[in-house]
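Reviewing the structure listed below.
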């Protein structure tokens, strides 16, 4: 069975600062994908960043980057230069190769303060 | 390019009733997945449809059923509603490539009283 754990229910950060959200996961598969999704108060889930397990290089999308530690089964999200619009629930998710079922963590509520 | 849409936005039903939720997938996508998101929780996978066939199911009872149509739009049906069925129901579409990226709709908020 696959599991995803987000141990920080809530976090806050000052505008323009950097924040890191933690995620650990468990899977017996070698071929899998990891994602961070953002769900603003308007509730539409938006894909932030994706990481293929077979790639050693950490994914980066503008101000968003990940620290993928495969042996430790850790997948943290770093948000640089935080903006007010980054305020949202952030979900870490996992899917194994051959299946498009996403397994989500419980989420981290991030608040960016002015 | 049209995104994923869902209807209705909100719905209030009484325990024991039946409900149908609808989803239109993103243009060009042939796979639709449904998720249930209880308040304060992450989404839970209900089932997935690929080219009109069920292609995987999560830990949900048979009273949760679905359909996918030739245009790849989809319905989620829930019979004999229970209070615990109150949740946000999310639909996600994807094109079966090796990217496994799913694009979510805005959801339907179902309240069972």
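Any idea which of (1) touching a helix residue (DSSP H, G or I) at 6+ places or on another chain (Cβ under 9 Å); (2) within 30 Å of residue A:10 (Cα to Cα); (3) surrounded by fewer than 18 Cβ atoms within 10 Å (Cβ to Cβ) is the one residue B:15 doesn't satisfy?
Here residue B:15 meets the rest and fails (2).
Given region B:7-58, what strands (runs of 3 or more DSSP E) lie entirely inside it while holding 1 or more residues that are more than 25 Å from residue A:38 (Cβ to Cβ) and in contact with a strand residue (DSSP E or B) (Cβ under 9 Å, 6 or more places away or on another chain)? Explain how you work it out, then say what you get.
Numbers: elements: B:10-13, B:19-24, B:31-37, B:44-50, B:53-57.
Filter on region B:7-58 gives B:10-13, B:19-24, B:44-50, B:53-57.
What single numbered condition from (1) more than 14 Å from chain B (Cβ to nearest Cβ); (2) more than 29 Å from residue B:5 (Cα to Cα); (3) in contact with a strand residue (DSSP E or B) (Cβ under 8 Å, 6 or more places away or on another chain); (4) exposed (fewer than 13 other Cβ atoms within 10 Å of the Cβ) fails to hold for residue A:71?
(3)
If we scan region A:47-65, do we find a residue that is modelled with pLDDT under 95, in a strand (DSSP E or B) and within 20 Å of residue B:37 (Cα to Cα)?
Within region A:47-65, one or more residues are modelled with pLDDT under 95, in a strand (DSSP E or B) and within 20 Å of residue B:37 (Cα to Cα).
Could you list all residues from region A:74-114 that are in a strand (DSSP E or B), surrounded by fewer than 20 Cβ atoms within 10 Å (Cβ to Cβ), over 13 Å from the mean Cα position of the chain (by Cα) and away from chain B (no Cβ under 14 Å)?
Within region A:74-114, A:111, A:113 meet the criteria.
The values are calculated or read from the model by the stated rules, or taken from the named source; none is laboratory data. Everything numeric in this text was worked out from a predicted model, so none of it was measured. Quick reminder, even Gly has a Cβ in these numbers, built from the backbone with ideal geometry, and neighbours come from all protein chains shown.
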